[in-house]
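Every number in this text was worked out from the coordinates using simple rules, so none of it is lab data. Please read all numbers here as calculations on a predicted model, not as lab measurements. Positions of Cβ are generated from backbone atoms using ideal geometry, with glycine treated the same way; all protein chains shown enter the neighbour counts.
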Amino acid sequence: MKITFPYMGTYHIAFKMLIEGLGHEAIVPPKPSKKTLTYGTQNSPEFACLPFKILLGSYLEAIELGAEMVITSGGAGPCRAGYYGVLHQKILQDLGYDTKIVVMESPFRNIFDFLGKIRSVIGPSGVSWWTFGKVFRKAWEKLKVLDDIEFLSHQIRPFELKRGDTTNVFSKCLEIIDQAGTIPEINEVRVIAKKMLNDIPVDRSRQVLKVGIVGEIYVVLEPFANHDIEITLGEMGVLTHRSIYLSDWTRESTGYESTQKVIEVASPYIDELFGGHGIYSVGHSILYSKKGFDGVVQLAPFTCIPEIVAKPILNKVTQDYNIPVLTVFLDEQTGKAGLQTRLEAFVDLLAQKRDKLEGIAI
Amino acid sequence: MKGFLGVDVGSVSTNLVVIAENNEVLVNFYIRTRGQPIKAVQDGLKQVAAEVGNSIAIQGVGTTGSARHLTNILVGADTVKNEITAHAVAASAMVPGVQTVLEIGGQDSKIILLRQGVVTDFAMNTVCAAGTGSFLDQQASRLSIPIEDFGGLALRAKSPVRIAGRCSVFAESDMIHKQQLGHNLEDIVAGLCEALVRNYLNNVGKGKEILAPVTFQGGVAANVGIKAAFEKALGIEVIIPKYYNVMGAIGVAMLAKEAVKKKKKTNFKGFDASKFKYKAGSFECKGCSNLCEVIEIFHDQQVIARWGDRCGKWENIS
């Protein structure tokens, strides 16, 4: 079967490996572009959010390339995203495609549903549960390498001597990660890629600002949706740290890591899950402040209720923890000038604040 | 005499100022951009040159506004700054102790909070331009009132009507409905001023602590109706600085002065830059799926700058 999946950041590299390992043909959707956006907006309800539109556009592009099945993730709680898989399916049907959308929900909500869906993928190609486990572990290792390397790139970029070096080396790293086929190879490319990034000429004497990125998962993870915000900030000399990495998220949602702490610090402000990543935006902002970050950028799709709920709470967090927060609402505009202006002003604000704290007069 | 040039190229107006070393404004020009920033900047330079001639030696140049990068290429700037910082710098110099800056321009509106002379918070209108200068312009011309008289008319209103201010499209249909019901023009115009201020405070000012002294700057500050509506809504006096419509340019001229102090020379291309033949072009790069729109600026036939590409492949070739 020809199977596709959402395009998010660098993760298609790991998803591709998983699908191929299960004996299917992986259709990697093209990196989201203006064409994706056009496909998506043409066929979506006007009021749907940006992630919905980009995902639909991606599915349509993958269908043009022959995709017969889409595997995507669901969502819990009062966020429309939980219903998006269903709506995407109906739209594809209306357009005359019989491509099936398989929505993976958290195994904790319904383990039988979860296992049944996996069986529907591995059954037709005759893959045993044993093989599935092996392939999954390998793809999981790859996902972790992708996260490690991207994380490192954001640590190095603000120090690079020549603007653009890190981004260029990072895309070379992705190519070699893509080539790695076995677990020993994956471990090997982890070391090589780290070395490649660490070899970039840098100026460590720079006083860089540290900014945490919080918000809705898709716009945080996909650079096309957030106008390459981490690269833009990095090249302005800002070290960014993203609150969401997929290897974290899956570890959390399968019960390994503590969303508990994030929710706990947010609980004085709001003690209720209100869908999407809203409460995490609040909790992570507080944690960033405690870790000495200079500021936080909240990324939200236009009309995203969980992030809209989080925004006024973040005003209060700013007052209580003395950490400036810039909220950026993202929609289908492709012009970047407005965002650039706001980021520059935000960075000026953070720099002035720091200089004042350190007693350097302006 | 030494002078520092500040150029602020926005969506509606292009402003040029020359300040002296003590920040005194020597010359100021407010020109309509009319969608042609290159021409506006060159016209502005000509006017400045005609006014100051050889009497002032330009020691530093700063650019700001949405066309700040383009303008930098045209004139050779020592500092290129976003308009939020530029406005804040000018406001603190012109109105010592200012704590809140309200700024409404052609397409943008912003609020800037300062405490002890440092910017602590700011916001800009997000996806909506309701309540900015362009909308007022459009309504004034629909009602055939010169924009200069718009504010004065509002002050003569006896009972302003309520206009929906959330969205300029809703506001316009609401105005038309009220006008067809027979409300007089003064009351409608005053109602519009109040609606815009309400929208600004809810949308841009959203929950921010507005403390006096408050300045109101940007082109829309010329509108006495809006000023009155702000004072009514906030219950605080709103100060309109003398050079309210060129504050961004003043701020960036001051920043240029600081920048030149450090590096001891200026990149200014001279007033002759107003005579250069600049041309802008663009193309879509087909190198990858990003399909970036790359902008090229030509001086005579030669490419002097390119930008717009995400990967830097075009930017670095000159």
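Worth a mention:
- Considering the stretch B:96-240 at the alpha-carbon level, its Rg and Dmax are found to be 14.8, 50 Å.
- Helix axis angle, A:111-122 relative to chain A longest principal axis, alpha carbon, degrees: 70
- For A:V265, the shell of other residues with beta-carbons less than 12 Å away shows a net charge of 0, using +1 for Lys and Arg and -1 for Asp and Glu.
- Over the stretch A:178-292, relative contact order from alpha-carbon pairs under 8 Å, at least 6 apart, %: 24
- Net charge dipole size for the protein assembly as shown [Lys, Arg +1 and Asp, Glu -1 on Cβ; Debye, nearest 20]: 900
- Degrees separating the helix B:168-181 axis from the principal Cα axis of chain B, which is the longest one: 40
- Averaging over all projection directions, the Cα-based convex hull of the stretch A:66-132 occupies 5.4 nm² in the image plane.
- Normalised radius of gyration (Cα atoms, divided by 2.2 N^0.38 Å) for chain A: 1.00.
- ³J(HN,Hα), Karplus 6.51/-1.76/1.60, whole Hz, each residue of the stretch B:265-271, x for Gly, Pro: 8, 10, 8, 3, 7, x, 5
- In this label model, A:S258 and A:F151 are separated by 1.7 nm, measuring between points 7 Å along each Cα→Cβ vector.
- Long-range HN-HN contacts of A:L209 with modeled amide H, under 5 Å: A:L239
- Annotation: the residues B:S274, A:S171, sorted from fewest to most other C-beta atoms within 10 Å of their own C-beta, follow the order A:S171, B:S274.
- B:S282 sits among other residues whose Cβ lies under 9 Å from its own Cβ, and their net charge, with Lys and Arg +1 and Asp and Glu -1, is -3.
- Helix-derived mean residue ellipticity, 222 nm - over chain A, DSSP H n ≥ 4, -39500 (n - 2.57), to 500: -17500 deg cm²/dmol
- Long-range HN-HN contacts of A:S44 with modeled amide H, under 5 Å: none
- Tail beyond 34 Å, pair distance distribution of the protein assembly as shown (Cα, percent): 51
- Relative contact order of chain B: 22 percent, from C-alpha pairs under 8 Å at least 6 residues apart in sequence.
- Selection from A:I263, A:V208, A:T341 lying farthest towards where the dipole of the stretch A:208-362 points positive, charges on Cβ: A:V208
- Sparsely packed chymotrypsin sites (Phe, Trp or Tyr not before Pro) within the stretch A:65-97, loop by DSSP, other Cβ within 10 Å at most 16: A:Y97
- The residue among A:S285, B:I56, B:N23 whose Cα reaches farthest toward the positive pole of the charge dipole of the protein assembly as shown, with charges on the beta-carbon of Lys, Arg, Asp and Glu, is B:I56.
- When A:F151, A:F302, B:F135 are sorted by how many other C-beta atoms sit within 10 angstrom of their C-beta, beginning with the fewest, the order is A:F151, A:F302, B:F135.
- Helix B:185-203 axis versus longest C-alpha principal axis of chain B: approximately 60°, rounded to the nearest ten.
- Charge tally around A:E160: other residues with Cβ under 9 Å, Lys/Arg +1 each, Asp/Glu -1 each, net 0.
- Going from the fewest other Cβ atoms within 10 Å to the most, the residues A:I217, B:I163, A:I122 appear in the order A:I122, A:I217, B:I163.
- Taking Cα centre as origin and charging only the Cβ of basic (Lys, Arg, +1) and acidic (Asp, Glu, -1) residues, the dipole magnitude of the stretch A:233-362 rounds to 220 debye.
- Placing +1 on the Cβ of every Lys and Arg and -1 on the Cβ of every Asp and Glu, with no other charges, gives the stretch A:149-282 a dipole of roughly 540 debye about its Cα centre.
- In order along the stretch B:295-307, the phi-based Karplus estimate (6.51 cos²θ - 1.76 cosθ + 1.60, θ = phi - 60°) of 3J(HN,Hα) comes to 9, 10, 10, 9, 10, 6, 9, 9, 6, 9, 7, 9, 7 Hz; Gly and Pro are listed as x.
- When both bridge partners sit in the protein assembly as shown, DSSP labels roughly 50% of those beta bridges antiparallel.
- Each residue of the stretch A:167-174 is assigned a 3J(HN,Hα), and the resulting list reads 5, 5, 5, 4, 6, 5, 4, 4 Hz, derived from the Karplus form 6.51 cos²θ - 1.76 cosθ + 1.60 (θ = phi - 60°), x at Gly and Pro.
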